[in-house]
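Data block below; observations after.
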Amino acid sequence: MNARDLLQAISIAERLKDTTRHCYTSQGRRESVAEHSWMMTLMAFFMKDELPDIDIDKVIQMCIIHDLGECFTGDIPVFEKTEKDEDMEKKLLHDWVNSLPQTTAKEMRALYDEMEARQTPEAKVYKAIDSLEALIQHNLSDIATWTPNEYELQMVYANDRVTFSAYFQNLREEIRKDSIDKINESMKKS
């Protein structure tokens, strides 16, 4: 990608630094979409030795680009996002990706198609990381930031996204234990 195209693409992607998510950081401020993507990417890097048959570089690429559509729509929590919201985000993202240099656009479209189909091991790993990172972040944040439905979501969300891997099933269970401990600790204080 030439310098001018790179600067143009980054000027759009940079919006994710200011696009806040529903989650809070451990220090009490809203997390940005960029921070979520960074944490996912770091998780993938840390997991690479546990997933020797996975193309971890591809997973990292998926983690980096997965929420770029939110540059245009903002972040809508999974429990509030409608099909109409998803369609609009897809259209705006698709239009932007197609405006990129042909080689980059082709590569990104292929990654998005693979991510959406969730058939390859890499796409399954990416989606599991995406879902689990949100649960981990909730466990790191103050429980006062949780909405009432998140108590249940911390117990059941992403269960279906980890069935392909014993490693991810174990990670999901450890996250659930942390959630239970956090809830129990909160109840003792009140």
- Scan (1) more than 30 Å from ASP57 (Cβ to Cβ); (2) exposed (fewer than 14 other Cβ atoms within 10 Å of the Cβ) for the single condition GLU116 breaks and write down its number. (1)
- Which of the residues spanning segment 79-97 are surrounded by 13 or more Cβ atoms within 10 Å (Cβ to Cβ) and not aromatic (Phe, Trp, Tyr)? LYS81, ASP85, GLU86, MET88, GLU89, LYS90, LYS91, LEU92, LEU93, HIS94, VAL97
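Each row is one residue, and each column tells you yes or no for (1) polar (S, T, N, Q); (2) modelled with pLDDT of 95 or more.
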{"site": "PRO77", "(1), (2)": "no, no"}
{"site": "SER99", "(1), (2)": "yes, yes"}
{"site": "THR103", "(1), (2)": "yes, yes"}
{"site": "MET115", "(1), (2)": "no, yes"}
{"site": "LEU132", "(1), (2)": "no, yes"}
- Item | Subset of segment 143-184 [among the acidic types (Asp, Glu) and free of Cβ contacts under 8 Å to residues at least 24 places away in the same chain] | GLU150, GLU152, ASP160, GLU173, GLU174, ASP181
- Item | Search result, residues across segment 1-59 that are over 17 Å from THR73 (Cβ atoms), of a type in the set (D, E, K, R) and surrounded by fewer than 16 Cβ atoms within 10 Å (Cβ to Cβ) | ARG4, ASP5, ARG29, LYS48, ASP49, GLU50, ASP53, ASP55, ASP57
- Item | Residue ID - surrounded by the most Cβ atoms within 10 Å (Cβ to Cβ), chosen from residues in segment 163-190 that are more than 20 Å from ALA128 (Cα to Cα) and polar (S, T, N, Q) | SER186
- Residues of segment 144-159 being among the hydrophobic types (A, V, I, L, M, F, W, C) and either buried (at least 18 other Cβ atoms within 10 Å of the Cβ) or under 15 Å from ARG176 (Cβ atoms) (or both), in sequence order, are TRP146, LEU153, MET155, VAL156, ALA158
- When (1) farther than 20 Å from ARG109 by Cα; (2) in contact with a Ser or Thr (Cβ under 9 Å, 6 or more places away or on another chain) are applied to LYS58, the one that fails is (1)
- Query: Is there any pair linking a residue in segment 72-84 that is of a type in the set (A, V, I, L, M) to one that is loosely packed, with under 15 Cβ neighbours inside 10 Å, with Cβ under 9 Å and at least six apart or on different chains, and which?
  - Reply: ILE76/THR82; ILE76/ASP85; ILE76/GLU86
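The values are calculated or read from the model by the stated rules, or taken from the named source; none is laboratory data. Keep in mind that this is a model prediction, so the values were computed, not measured. Note that we place each Cβ from the backbone using ideal geometry, even for glycine, and neighbour counts take in every protein chain shown.
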